[in-house]
1. Quick one: in segment B:160-211, of everything that is free of Cβ contacts under 8 Å to residues at least 12 places away in the same chain and assigned to a loop (DSSP other than H, G, I, E, B), which residue is farthest from residue B:301 (Cα to Cα)?
2. Report, ordered by the first and then the second residue, all pairs with beta carbons closer than 8 Å, sequence separation of six or more or different chains, a first member in segment B:491-513 that is under 17 Å from residue B:478 (Cα atoms), and a second member that is of a type in the set (Ser, Thr, Tyr).
3. Which of the residues that make up segment B:257-297 are modelled with pLDDT under 95, crowded, with 21+ Cβ neighbours inside 10 Å and either in contact with a Ser or Thr (Cβ under 8 Å, 6 or more places away or on another chain) or farther than 27 Å from residue B:89 by Cα (or both)?
4. Scan segment A:77-91 residue by residue and report those that are part of a strand (DSSP E or B) and of a type in the set (Asp, Glu).
5. Given (1) touching a residue at least 60 places away in the same chain (Cβ under 8 Å); (2) crowded, with 24+ Cβ neighbours inside 10 Å; (3) in contact with a Gly (Cβ under 7 Å, 6 or more places away or on another chain), identify the lone condition not met by residue B:62.
6. Considering only residues that are surrounded by 19 or more Cβ atoms within 10 Å (Cβ to Cβ) and polar (S, T, N, Q), which ones fall in segment A:1-27?
7. Which ones in segment B:516-542 are more than 17 Å from residue B:441 (Cα to Cα) and surrounded by fewer than 16 Cβ atoms within 10 Å (Cβ to Cβ)?
8. Which residues, taken from segment B:47-103, are of a type in the set (S, T, N, Q), in contact with a helix residue (DSSP H, G or I) (Cβ under 6 Å, 6 or more places away or on another chain) and part of a helix (DSSP H, G or I)?
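The values are calculated or read from the model by the stated rules, or taken from the named source; none is laboratory data. This one's a predicted model, so the numbers in the text were calculated from it and none came from an experiment. Methodologically, a virtual Cβ is constructed for each residue, glycine included, from the backbone with ideal geometry; neighbour enumeration extends over all protein chains shown.
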Amino acid sequence: MRHIISILMENEAGALSRVAGLFSARGYNIESLTVAPTEDPSLSRMTLVTRGTEAVIEQITKQLNKLIDVVKLLDLTEGPHIEREMMLIKIKALGNEQREEIKRLADIFRGHIIDVTDSSYVIELTGTGEKIDGFIQALDSKTILEVVRSGVSGIARGEKSLKV
Amino acid sequence: MELTGAEILVRCLKDEGVKYVFGYPGGAVLHIYDALYKQDDVQHILVRHEQGAAHAADGYARSTGKPGVVLVTSGPGATNAVTGIATAYMDSIPLVIITGQVATPAIGSDAFQEVDSVGITRPCVKHNFLVKDVKDLATTIKKAFYIATTGRPGPVVVDVPKDVTAHKTDYAYPKSVALRSYKPVVEGHPGQIKKAVEIILAAKRPMIYSGGGVILGEASESLTEFTRLLGYPITNTLMGLGAYPATDKQFIGMLGMHGTYEANMAMHDCDALIAIGARFDDRVVGKVELFSPGSKKIHIDIDPASISKSVRVDVPIVGSVGNVLKEMIKLIKTAKKRPDTAALKSWWKQIDEWRTKDCLRYDHKSKLIKPQYVLETLYKLTKGDAFITSDVGQHQMWAAQFYKFDKPRRWINSGGLGTMGFGLPSAMGVQLAHPKSTVCCVTGEASIIMCIQELSTCKQYGLPIKIINLNNRYMGMVRQWQEFFYKGRYSHSYMDALPDFVKLAESFGHVGMKIEKPADVEPALKEALKLKDRLVFMDFITDQTENVYPMIEAGKAHNQMHLSPERELA
């Protein structure tokens, strides 16, 4: 099962390497990992996507909690939640027909063209991983020059919040 | 008044109540060594290799319950200590290790004697710190002691760059420290405790399985009261020996790969398993799927991550074992339900029948010295009251089987990491902590060589350790596995260039003895134990072919033990 784990941790040097090291040392896999400071600069918020059996996920959350720098964590997939990922994609865009087609496709997926040259577009697209995959599949793979994905960020729905 | 970082560090140790620091000087820690020189409160013990410093501090910690303190320089000083740090980590021993570091502007420049100590030690410490500002030093040291000694204990490394030890600031040692991200749970959940007590009192074939957590949590008295109150059989893990008196009739021996027949059979057949401060290690459990298949399992542990890590349990209780046991004792005393005496009687009858296998019996008539005989005699002569440290291998298992520990903190061995070389340096820490007590290091000729340089430290500080070297001219446990599982191809397990241990000991200024006949074992041990102020190195030339029994092969069940050849025929 795929799980999205949100972690609130001390914003200290080396905190990220403790998490990454834990995953490699214990053989857990990381599908994606994002991290940035929160409104309180002493805290970082990490969103980690992983896969495993219930027993493995239980161990992952326990081992993460055991890290001294981890203040709190929440398995978002245990309740209703929102996940978002952002992609920046550079696409070859030559000729009116192709340029129109790409723009139409970007509109359908609610993406924005944020950089234009006479031969390329950069499109910004936000959504679930599935939506982003869908957009990539809808494009002609030969036209894709570069893909940058942020990895998943997530938050619980409703009033439930991960706070100190 | 402003102090330098080095002075602050030493003052912190003094204010923390540290008596001994085990260490080795070097460039990055010279300011600290200068500060040590100028005071008498904290005594520095100079080892001969940084691994020895970590093991010595570890032995000090295991035998006293207080944190051990290590001071080493940057680079090789730190990397040499890593084996000792990992050893302490695996057995949850509280250590504070101060590693020197190159000056902050040089960090990351591949400077002389620079390594990323925080990075290297990260997977084998409870936590670690790099102190970049002298203003943070005192608080960081306080945090290090706090983290090392609370919850599930463990080693904490504090990496201190050289310039930080030279910078000055005002000194104030915090009385206490609180971390929002670290709050170990010590009180067990009352609902879970109640559920557990119901299972415990309803059991027909109960079994208590307790581990090192009981010793770390200072809960031996509570465990003994709990066990006697119920009248249930109890087994201890290798790390838990001494937590319950081994000479008590309810004690049925150590369990696991080299545990007793009765303990392993009872583990397999019980209907309620009460795990207390034990972590279901693979050497205890064997094959998870076949482990104690018919039992309801209760697990008390201070570390939530220990629970259901390998074996799923029915009633987990997170908390300090002492607190939880006290709560359980209260509930059991006031409960209407009583243990089922009829069922318990027939369970004990079964266990006593297993006991008649006499699974530890060995050949007493041999013309060669049997290692078990040496340990039995040592036990008899020291009246079971010595501190025993050990290295790793056959001798370690025999010591665990044949020396009956009635008190906690008397049995000092590297259980989790299995570190050869641990025995002698750890004995130094034990002897310093208990100067009047008999401290014996049970070892083998392969293990002892790994930290033999510490004989020099023993001389310098007059540590009268008794080294019991069970010399079979093999890496015995490796040889045993090669005999069993590799058709006797003794690949590189033979020690055919051994030193003359008597002369070796003498060259370090100690007493050496070589014992070659069974009849000489007792007189030699008596003589050695009489030499109260000398280190005696006893080189016992033992039977090369002796194996440790019983034995459960890795990946087998508890009821699939090998017994010694004569017992399997019986």
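1. Of everything passing the filter in segment B:160-211, B:175 is farthest from residue B:301 (Cα to Cα).
2. Close Cβ pairs satisfying both conditions: B:493/B:474; B:494/B:474; B:495/B:474.
3. Hits for segment B:257-297 are B:284, B:285.
4. Scanning segment A:77-91 gives A:83, A:85.
5. (3)
6. A:6
7. B:516, B:517, B:519, B:520, B:523
8. Of everything in segment B:47-103, those that are of a type in the set (S, T, N, Q), in contact with a helix residue (DSSP H, G or I) (Cβ under 6 Å, 6 or more places away or on another chain) and part of a helix (DSSP H, G or I) turn out to be B:51, B:63, B:64, B:80, B:83.
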